[in-house]
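First the structure, in the form of C-alpha cells, and then the observations on it.
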Amino acid sequence: MTKWTKHILNVGLVLLLLTGAFRLHGQKHSLWYIEPGIRYGRIIPNFKDASWLWQTDLYGLEVRVGRQTDGQKEWEQWFKYPSYGAVLRYSHFNRESIGDKIALFGFFNGNFIQRPGFTFFYQLGAGINFWTKKYDFYLNPENVFVGGHVSAHLDVTMGITARLSRHTDIVLAGNISHSSNGVLSLPNYGINCVTVKAGVRCRMFENYEPLRTIDTITQFTPINSLYFFVAPGIKQSRAEFNISKPDRPHHYFATTLEIGYMRQPHPKFRYGGGFDLFYNREVLTYLPQGSPHSKCILPATFAAFDITFSRLVLHTSTGFYLGRNYRFYKPYYERIGIQVFLGRNRNHFVGTSIKAHLFVADYIEWTYGFYFFNWYDKKARHLNNHRHFS
C-alpha cells in the first residue's frame, strides 16, 4: 500500500467518523444529505502512443452535499424525484508530471430503480478543475494533456445505494470523468478517468412522502419561441502550436450569433433549429498571410434538442457549415451546454457551452440570449406518460 493510499484512507476514515457523529435527530423535514467517499481509478489513454497513461493510478476522496426532491415543484415529479447538489473532489495521480486535481462541480442524480431500501441511479455533473501541474514547453513537456491550471470538468456516474440504517446508505458506483479547457490553452488532449467509488450517504431524513400532483395532468399546450443569442469566446491556434514554439501562445477572438426557433411539446423537453453565424479569428492562422477577414465568417444551420428542468436547460445541437469548405475543419459541429432562464417571464437566458468538431473542442462559448416572440398552439397535446406516476 502506497503512502498516498494510506493518507487518503485515513482522511476518508475521519470524514466517515465526522459524518457518523452528525446529529440527524430533529431534522424530519430536512431533505439534505452528506456523502463522503473514497475513489480508485486509472487514466484512459487518449491515443496509441499514450498507452502508458493506463499505468497511472488515481487515488481520491470527495465530499458530496445533496438535496432529495419531493415533488414540491412540478419538474421534480416529471423527472421522478431526483436529487441535486455539489461535490468537492480531490484526486492524486502517482505520476509526477500530472500532479493532483481538485474539482468543484454540481450534480444531478436520477434513478432507474427506486425502492425504500435500494436504488440504481445515474448521475451527471459539470464544474471546474484546478490542476497542480500543467504542460510547460521547458519544465514539463510530457504533460501534453493538461494545457492550463484551470479546466472544465464533466462527470457521468452509475451506481447503487443500499440501506444500512434509518438514516444511512452505502453507495457503490462507477464513474467516467473528462477534463478539458476548451482550447483556452494548448495542448488540450484532456484527461479521461475511470474510477470506482465507495461511500456512505448520511440522510437528515428517514423517509419522505413524494407529492404526486401531476398524476391527473393529461394535456400540455405546446409553446413556440423565436430567439437569438450571442456567445463570445477565445482560443489558441492549433496551427501555430504545431509549427512554432508553443511557449509563446496567442489567443484569438471567436463569437457566435444564433437565431432560432424552439418548440416545447412536453414539460420535459423541446426541440428546434435555425442559423448560426460564426466569426473565428483563428481561421486566418491556417490561411495564406494577407487573407481577408471575411474568411473568418462561417454561416451554418443547426438542429437542437433540449432537456428542461424548470429554469435550467441542458442544451445540445448539431450543425453544418454553409458555403465554407475548409480542410482543417469538419463540415459539421456539435454543441453541448447549460442555459438558465432569467426574469419573471423567463425570456432572458445565460449559459455556457462547448462547441466541437467530431467531439474535439473548438472553443468555449459564453452565452446571453433573449426570446423575443412566444406563442401557444391552439390545441393542447395529450400526454401519455403521466400514468407512470400512478
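If Arg238 meets every condition in (1) in contact with a Cys (Cβ under 6 Å, 6 or more places away or on another chain); (2) open to solvent by 40 Å² or more (accessible area, probe 1.4 Å) apart from one, which number is that one?
(1)
Name the residue that is farthest from Ala86 (Cα to Cα), counting only residues in segment 28-48 that are open to solvent by 20 Å² or more (accessible area, probe 1.4 Å) and part of a strand (DSSP E or B).
That would be Ile44.
Of all residues in segment 165-174 being open to solvent by 60 Å² or more (accessible area, probe 1.4 Å) and at pLDDT 95 or above, which is farthest from Gly106 (Cα to Cα)? Outline the logic, then answer.
Keep residues of segment 165-174 that are open to solvent by 60 Å² or more (accessible area, probe 1.4 Å), which gives 166, 170, 172.
Right, trim to at pLDDT 95 or above and you get 170, 172.
Numbers: Ile170: 21, Leu172: 19 Å.
Across segment 165-174, the extreme among qualifying residues is Ile170.
What residue, among those in segment 241-278 that are in a helix (DSSP H, G or I) and surrounded by fewer than 14 Cβ atoms within 10 Å (Cβ to Cβ), is modelled with the highest pLDDT? Spell out how you get there, then give the answer.
Going residue by residue through segment 241-278, those that are in a helix (DSSP H, G or I) are 241-243.
Then keep just the ones that are surrounded by fewer than 14 Cβ atoms within 10 Å (Cβ to Cβ); that gives 242-243.
Values: Asn242: 74, Ile243: 69.
My answer is Asn242.
This table checks each residue for (1) touching a residue at least 40 places away in the same chain (Cβ under 8 Å); (2) under 27 Å from the mean Cα position of the chain (by Cα).
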{"site": "Tyr279", "(1), (2)": "no, yes"}
{"site": "Ser294", "(1), (2)": "no, no"}
{"site": "Ala304", "(1), (2)": "yes, yes"}
{"site": "Ser310", "(1), (2)": "yes, yes"}
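In the list Tyr363, Tyr371, Tyr329, Tyr321, which residue meets the criterion of being open to solvent by less than 50 Å² (accessible area, probe 1.4 Å) and free of Cβ contacts under 8 Å to residues at least 24 places away in the same chain? Give the steps one after another, and end with the answer.
On the way: Tyr363 fails: free of Cβ contacts under 8 Å to residues at least 24 places away in the same chain; Tyr371 fails: free of Cβ contacts under 8 Å to residues at least 24 places away in the same chain; Tyr329 fails: free of Cβ contacts under 8 Å to residues at least 24 places away in the same chain.
One residue alone meets the criteria, Tyr321.
Restricting attention to segment 90-106, report how many residues are over 15 Å from the mean Cα position of the chain (by Cα) and either over 17 Å from Thr56 (Cα atoms) or in a strand (DSSP E or B) (or both).
7
I need the full set of residues from segment 279-333 which are assigned to a strand (DSSP E or B), touching a Leu at 6+ places or on another chain (Cβ under 6 Å) and over 29 Å from Ala126 (Cα atoms), in order please.
Within segment 279-333, just Pro299 meets the criteria.
Would you mention how many residues in segment 94-103 are touching a residue at least 40 places away in the same chain (Cβ under 8 Å) and open to solvent by 30 Å² or more (accessible area, probe 1.4 Å)?
1
Hey, can you tell me all the residues within segment 175-199 that are open to solvent by 30 Å² or more (accessible area, probe 1.4 Å) and aliphatic (A, V, I, L, M)?
Scanning segment 175-199 gives Ile176, Leu184, Val194, Val196, Ala198.
Among the residues of segment 49-93, write down those that are open to solvent by 10 Å² or more (accessible area, probe 1.4 Å), out of contact with any Phe, Trp or Tyr (no Cβ under 6 Å at 6 or more places or on another chain) and of a type in the set (Phe, Trp, Tyr).
Matches in segment 49-93: Trp52, Trp54, Phe79, Tyr81, Tyr90.
Suppose we keep only residues that are in contact (Cβ under 8 Å) with a residue 12 or more places away in the chain and among the basic types (Lys, Arg) within segment 340-360. Which one would you say is surrounded by the fewest Cβ atoms within 10 Å (Cβ to Cβ)?
Arg346
For Ile128, state whether it is surrounded by 15 or more Cβ atoms within 10 Å (Cβ to Cβ) and either under 19 Å from Tyr84 (Cβ atoms) or touching a residue at least 12 places away in the same chain (Cβ under 8 Å) (or both). Quick ask: steps written out before the conclusion?
On the way: surrounded by 15 or more Cβ atoms within 10 Å (Cβ to Cβ): no; either under 19 Å from Tyr84 (Cβ atoms) or touching a residue at least 12 places away in the same chain (Cβ under 8 Å) (or both): yes.
No: the conditions fail for Ile128.
Being more than 30 Å from Gln339 (Cα to Cα) and outside any loop (DSSP other than H, G, I, E, B) is the filter; apply it to segment 115-125 and report the residue that is most open to solvent (accessible area, probe 1.4 Å). Give the derivation first.
As a first pass, look at segment 115-125 and keep what is more than 30 Å from Gln339 (Cα to Cα): 115-118.
Retained after the next criterion (residues that are outside any loop (DSSP other than H, G, I, E, B)): 115, 118.
Details: Arg115: 144, Phe118: 80 Å².
Step by step, filter segment 115-125, then rank; the result is Arg115.
So how many residues does segment 154-164 have that are of a type in the set (Gly, Ala, Ser) and either farther than 20 Å from Ile38 by Cβ or open to solvent by less than 10 Å² (accessible area, probe 1.4 Å) (or both)?
1
Scanning for something more than 30 Å from Glu282 (Cβ to Cβ) and in contact (Cβ under 8 Å) with a residue 60 or more places away in the chain, does segment 183-193 turn up at least one residue? Let's see the steps before the verdict.
Of segment 183-193, the ones more than 30 Å from Glu282 (Cβ to Cβ) are none.
Within segment 183-193 (the criterion being more than 30 Å from Glu282 (Cβ to Cβ) and in contact (Cβ under 8 Å) with a residue 60 or more places away in the chain), the answer is no, since none of the residues qualifies.
The values are calculated or read from the model by the stated rules, or taken from the named source; none is laboratory data. Since the model is a prediction, treat every value here as computed from it, not as a measurement. Note that each Cβ is placed from the backbone with ideal geometry, even for glycine, and that neighbours are counted across all protein chains shown. These accessible areas exclude ligands, DNA and RNA; they are computed on the full protein's heavy atoms, side chains included. Shrake-Rupley method; radii C 1.70, N 1.55, O 1.52, S 1.80 Å.
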